[in-house]
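Scroll down for the structure; my scribbles are underneath it.
The values are calculated or read from the model by the stated rules, or taken from the named source; none is laboratory data. Please read all numbers here as calculations on a predicted model, not as lab measurements. Here the Cβ positions follow ideal geometry from the backbone for every residue, glycine too, while neighbour counts run over all protein chains shown. Keep in mind that these areas ignore ligands, DNA and RNA; they rest on the heavy atoms of the full protein, side chains included. Shrake-Rupley method; radii C 1.70, N 1.55, O 1.52, S 1.80 Å.
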Amino acid sequence: MIGLALHISLATTKDLRAIYQIETLSYPDPWPREVFIMDYLFNSNSRYYVVKFLNKIIGFFGIWIEPEKVHIINIAVHPDYRRRGVGRKMIEFVIKLATKKRKKEVYLEVRETNIAGQELYKQLEFEFSGIIPDYYSDGESGLIMRKVLNDHSWD
Ligand SMILES: CC(C)(COP(=O)(O)OP(=O)(O)OC[C@H]1O[C@@H](n2cnc3c(N)ncnc32)[C@H](O)[C@@H]1OP(=O)(O)O)[C@@H](O)C(=O)NCCC(=O)NCCS
């Protein structure tokens, strides 16, 4: 039901505060605020999107558009709105965008212990494709998950 009323749009500078609030509610080791701002303002390959429900920002994601791939660098849903299909909607949006741009794959890193994230990506047919030891600041490994795209990835 919430799916019908969700609106995904490119983030504006005004949205950065809400994005950062969701970031801090979502991770034990949130990105420093400056990292967001620098990436948002100065990385021409990065795009940030927000998801709104009744005009309130309830989730966001950031991607880097690489020559052949789209890299999901961050994605989070406000804790009050989880498990209602918002994360799925965001990943579907990225798959559609990457397919339109004729990219070969969408990929991301996820903590070994992040079962919610892994289950979400598996539901959308991402597969494990590698492990990066010590990827996170607390020493946890990152699992690389990717979805290879073809012309039929979004019919
Ligand atoms: C991961 C996250 C983005 C998922 O967002 P969400 O809106 O709750 O996910 P959805 O409701 O779209 O769930 C889609 C599917 O993902 C899986 N899933 C989501 N949360 C789950 C959980 N807590 N446990 C197990 N599976 C889960 C389920 O398969 C679910 O389908 P179902 O509800 O029909 O069973 C959200 O939990 C979050 O923001 N976590 C903190 C930040 C984070 O870990 N981001 C990912 C970093 S790689």
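Over all orientations, the stretch 2-148 has a Cα convex hull whose mean projected area works out to 8.5 square nanometres. What separates the Cα centres of the stretch 37-52 and the stretch 67-130 is a distance of 17 Å.
Working note: Karplus 6.51/-1.76/1.60 with θ = phi - 60° gives the stretch 28-34 the couplings x, 10, x, 4, x, 3, 4 Hz, where Gly and Pro are set to x. Note that the stretch 16-24 has calculated 3J(HN,Hα) couplings of 4, 5, 5, 4, 5, 5, 5, 4, 5 Hz, one per residue in order, obtained from phi through the Karplus relation 6.51 cos²θ - 1.76 cosθ + 1.60 (θ = phi - 60°); glycine and proline are x.
Extension gain, Asn150 to Arg33, is 38.5 nm, computed as 0.36 nm per intervening residue step minus the present C-alpha separation. Measuring only protein heavy atoms, the 1.4 Å probe finds Val148 accessible over about 90 Å². Summed over the residues of the stretch 2-148 and divided among them, the accessible surface reaches 57 Å² per residue at a probe radius of 1.4 Å. Taking every protein chain into account, the 1.4 Å probe leaves Tyr48 with about 10 Å² of accessible area, to the nearest ten. Taking 7 Å steps out from each Cα toward its Cβ at Phe128 and Asp80 produces label points 3.6 nm apart.
Take 58-65, 138-145, 25-32 and order them by the average number of nearby Cβ atoms within 10 Å per residue, most first; the result is 58-65, 138-145, 25-32. Here are some pairs, Lys69/Lys89; Lys52/Lys104; Lys69/Lys100; Lys14/Lys56; Lys69/Lys122; which of them have Cα atoms lying more than 22 Å apart in this structure? Check vs 22 Å cut-off fails for Lys52/Lys104. Carbon-plus-sulfur fraction of the accessible area of the stretch 2-148, 1.4 Å probe, in percent? Here carbon and sulfur together make up 52 percent of the probe-accessible area. Using θ = phi - 60° in the Karplus curve 6.51 cos²θ - 1.76 cosθ + 1.60, the 3J(HN,Hα) couplings for the stretch 104-118 round to 7, 7, 10, 9, 6, 10, 9, 4, 3, 8, 8, 5, 4, x, 4 Hz; x is entered for Gly and Pro.
For the pair Glu92 and Leu25, label points projected 7 Å from Cα toward Cβ lie 2.3 nm apart.
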